[in-house]
Amino acid sequence: MIKQDLLLQFGAEERYYDADDIIFSEGDVPTFFYLIIKGKVKLNNYNDLGKEFIQAIVPSGQSIGLSSLFTEMIYPKNAVAIEKCEILRLPKTTFLILLEQYPEYYSKIIRCLSEHIHYKFMMLQSMAFHNPSQKLLTLMNYLKYECGEHEPFSLQIPLTRQQLASLTGLSVETVIRVIKNLEKQGVVQIQNRKIFY
DNA sequence: ACATTAAGTTGCA
DNA sequence: TGCAACTTAATGT
C-alpha cells in the first residue's frame, strides 16, 4: 500500500495492540488512517443474540477502515486485533494532505477498495443463494485465489472452525459437519485438524 | 508433570 | 441448528 517511511515522515504514530484489543468500534467517527505493519485484524459485528459476524480478516500490509475515510459516515464495524499487532496510524486530515501531494497513491487505494468490494460481492451472492457447503467453498476459493495457490490441497486454511463459521454466518457445528462431508467427497483433506484445500 | 484453557467433536432435542 | 457433554491439543506454572 503506502510506504511506511512516507507515513512516518508525515507524522504517523506506531501503536501496539495485543490479541483482542479494540482498534476502533462500530459507531466511532473515523479520524485515522490505519496501516497494519505486523499481525492480523478482524472486522466484525455482533447480532442481537451476541453472535459474531466477521466481515473480514485483514493481514499485515493492508489498511483497515479505508472506505470510511472518504465519507462522513461512522464506522459500520469494529476492528479488533486477533494477535499481537503493530499498526501505524495517521490523522485523517494529514492523510488527505499526503494524498494531495502524492496522487499516485490514489490508484493503489482504488485497487484495494475494489478488491475488497469484489470479496463482498462474491460472499454476499454465496450467502444469499447457497447452502452451507457452498458458502464455505466460496470462502475457501477466495482464500486460495488470494494467496495464488491452484493445486488441490495446496492451501492450509489459516482459520479456526469458529472463524470459518463467523465469516460465513454458520454455526461451528455446521462448519465441522460440512468440512467432514467435503473430506469424504475428496474436496478437502484434514490432517490433525488442519484443513487443506 | 499437572492444571487450566482453547479448540474441536458428537449425540440429542 | 444449538446446547451440552466430552475429547484432544495447546499453554502456563
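Overview of results
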read-out: Which listed residue, of A:THR93, A:THR160, A:THR168, is free of Cβ contacts under 8 Å to residues at least 24 places away in the same chain, of a type in the set (S, T, N, Q) and under 17 Å from A:LYS42 (Cβ atoms); value: A:THR160
read-out: Subset of the stretch A:182-197 that is of a type in the set (S, T, N, Q) and either away from DNA strand B (no atom under 11 Å from the Cβ) or on the phi > 0 side of the Ramachandran plot (or both) - its residue that is farthest from the chain's Cα centre (by Cα); value: A:GLN185
read-out: Qualifying positions in the stretch A:123-141 - open to solvent by less than 60 Å² (accessible area, probe 1.4 Å) and hydrophobic (A, V, I, L, M, F, W, C); value: A:MET123, A:MET127, A:LEU136, A:LEU137, A:LEU139, A:MET140
read-out: Residue tally, condition surrounded by 12 or more Cβ atoms within 10 Å (Cβ to Cβ) and away from DNA strand B (no atom under 16 Å from the Cβ), over the stretch A:47-65; value: 10
read-out: Set A:LYS144, A:LYS184: member being more than 14 Å from DNA strand C (Cβ to nearest atom), modelled with pLDDT under 90 and open to solvent by 60 Å² or more (accessible area, probe 1.4 Å); value: A:LYS184
read-out: Residue in the stretch A:157-181 that is farthest from DNA strand B (Cβ to nearest atom), counting only those that are open to solvent by 30 Å² or more (accessible area, probe 1.4 Å) and among the small types (Gly, Ala, Ser); value: A:GLY169
read-out: Members of the stretch A:1-28 found to be open to solvent by 80 Å² or more (accessible area, probe 1.4 Å) and within 20 Å of A:PRO76 (Cβ to Cβ), listed by number; value: A:ILE22, A:GLU26
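Let's see how each residue does on (1) over 19 Å from the mean Cα position of the chain (by Cα); (2) surrounded by fewer than 17 Cβ atoms within 10 Å (Cβ to Cβ); (3) under 16 Å from A:LYS3 (Cα atoms); (4) outside the structural domain of A:LEU139 (by TED's automatic domain parsing):
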site	(1), (2), (3), (4)
A:ILE74	no, yes, no, yes
A:LYS77	no, no, no, yes
A:LYS108	no, yes, yes, yes
A:GLU115	no, yes, no, yes
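The values are calculated or read from the model by the stated rules, or taken from the named source; none is laboratory data. No experiment lies behind these values; they were computed from the predicted model shown. So basically every Cβ, Gly included, is an ideal-geometry build from the backbone, and we count neighbours across all protein chains shown. When the accessible area is computed, the model is the full protein with side chains, heavy atoms only, and any ligands, DNA or RNA have been set aside. Shrake-Rupley method; radii C 1.70, N 1.55, O 1.52, S 1.80 Å.
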